Amino acid sequence: MSTVSITEVKTAGQLKQFVRFPMDLYKNNPYYVPSFVNDEINVWNTDENPALQYSEAKQYLAYKNNKIAGRIAVIINHKEERELGIRKVRFGWIDFIDDEEVSRALIQKAIDYAKEKNIDKIEGPMGFTNLDKAGMLIKGFDQLATMIGIYNHEYYPQHLEKLGMVKEKEWVEFEIVFPDSLPDKIHKFNELISEKYKLRVLRFQTKEEILQYVDAMFDLLDETYKHLSTYTPISDEQRKTYKEKYFKLIDKDFIVCIADEHNNLISFAITMPSYSKALQKSGGKLFPFGWWHFLRAGKKNDRANFYLIGIHPDYQRRGVTSIIFKEIFDTFKKKGVKFLETNPELEENKSIQLLWQDYNPVNHKRRRTYSIYPEHWEIKN
């Protein structure tokens with residue numbers, strides 16, 4: 001008889017346990033980076049998360065021997081179904097102890113939810129939308145996690161594969177060690193590209209000056225990634241939420257914006273100092289003292305993370321990425337940044353990966369979503 005029980009999260013106390021479980025599971029793990037506790041709680045608040053306006057979701061806790069042993073969330077994104085014709089149950093926020101009985105019970109709960117909704121596919125780990133964390137780590141367990149990447153133990157994918165789950169999508173991440181200087185040919189090439197297409201780099205004196213370009217950045221994201229089969233346009237509510245959620249962390253010097261002769265934004269890139277160690281030290285809380293760690297990480301840091309890039313299709317493969325990298329290099333040189341870690345990129349998204357090809361990128365992490373189809377829903381014991 002199974003000693004694992006699954007309980008749906010219905011109270012504020014249970015939600016707090018759901019959010020804090022991975023922090024307990026990875027206590028003293030040098031590579032795990034916690035999320036902001038309040039942000040994780042607000043994910044499930046309809047007033048804070050606009051994706052809940054067109055999605056339905058449930059969270060569950062797994063218990064073994066009267067102790068929390070795992071967690072999972074299940075999500076149906078109805079906007080994805082309407083706009084892309086994709087009908088699936090997304091599962092995410094999945095964590096568990098190294099016990100196959102626990103992982104089996106959690107995946108079975110996702111399968112049962114799909115059956116209840118008459119849906120014949122589950123996939124995860126993933127969030128509500130394209131801008132949420134996705135992909136279970138399958139390489140890079142000994143690498144420090146980032147704010148935008150899931151960290152998990154090496155046994156996680158082993159458990160899922162033993163249950164009959166198979167690869168659905170895969171992402172790659174790279175680490176780049178910045179050179180001391182860029183070759184003269186890079187500077188000359190950038191001048192030629194800027195003159196040929198009449199492009200200029202926008203310079204911001206204050207963070208507030210960036211605000212007038214934020215909507216154009218989201219438009220460019222849609223234009224850049226709309227060819228990917230899983231991409232859904234960002235809603236107005238999401239734009240507002242992401243603007244409020246992340247703008248306070250952005251350093252104006254770490255944003256590169258390029259405009260054409262008519263002042264239309266044709267490309268942008270956002271990097272940020274790495275806040276991974278600050279999050280570790282603060283335990284995922286800004287107050288009462290966490291803000292100090294973030295302040296220090298923003299001012300003195302030899303590591304940065306690449307978060308977002310958008311390039312209008314008319315300017316892709318025209319050398320614009322070289323301008324972006326040169327601007328990033330100049331900023332990092334002034335700030336003392338020596339290492340850049342890219343965000344997760346779909347392995348087939350070669351156009352984005354071309355940005356790094358001349359700078360000896362090292363593929364140090366890989367992550368994957370897993371699916372299981374009805375013919376395998378009778379999970380092996």
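So the values come out like this:
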| quantity | calculated |
| --- | --- |
| Filtered residues of segment 1-20 (kept if part of a helix (DSSP H, G or I), more than 25 Å from residue 246 (Cβ to Cβ) and touching a residue at least 40 places away in the same chain (Cβ under 8 Å)) | 14, 17 |
| When residues of segment 329-355 are limited to those that are open to solvent by 50 Å² or more (accessible area, probe 1.4 Å) and modelled with pLDDT of 90 or more, the one nearest to the chain's Cα centre (by Cα) | 339 |
| Number of the exception - residue 331 against (1) touching a strand residue (DSSP E or B) at 6+ places or on another chain (Cβ under 6 Å); (2) among the polar types (S, T, N, Q); (3) in contact (Cβ under 8 Å) with a residue 60 or more places away in the chain | (1) |
| Test for residue 281: is it of a type in the set (D, E, K, R), more than 16 Å from residue 213 (Cα to Cα) and at pLDDT 90 or above | yes |
| Those helices (runs of 4 or more DSSP H) lying entirely in segment 179-296 with at least 1 residues outside the structural domain of residue 323 (by the TED database) and surrounded by fewer than 18 Cβ atoms within 10 Å (Cβ to Cβ) | none |
| Of residues in segment 261-301 being hydroxyl-bearing (Ser, Thr, Tyr) and in contact (Cβ under 8 Å) with a residue 60 or more places away in the chain, the one nearest to residue 250 (Cα to Cα) | 271 |
| Criterion (open to solvent by 10 Å² or more (accessible area, probe 1.4 Å), assigned by the TED database to the domain that holds residue 22 and not charged (D, E, K, R)) met by exactly one of 134, 145, 62 | 134 |
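The values are calculated or read from the model by the stated rules, or taken from the named source; none is laboratory data. Just so you know, these numbers come straight off a predicted model, no measurement behind them. Every residue, glycine among them, receives a Cβ derived from its backbone with ideal geometry; neighbour counts consider all protein chains shown. The area values use the complete protein model at the heavy-atom level, side chains included, leaving out ligands, DNA and RNA. Shrake-Rupley method; radii C 1.70, N 1.55, O 1.52, S 1.80 Å.
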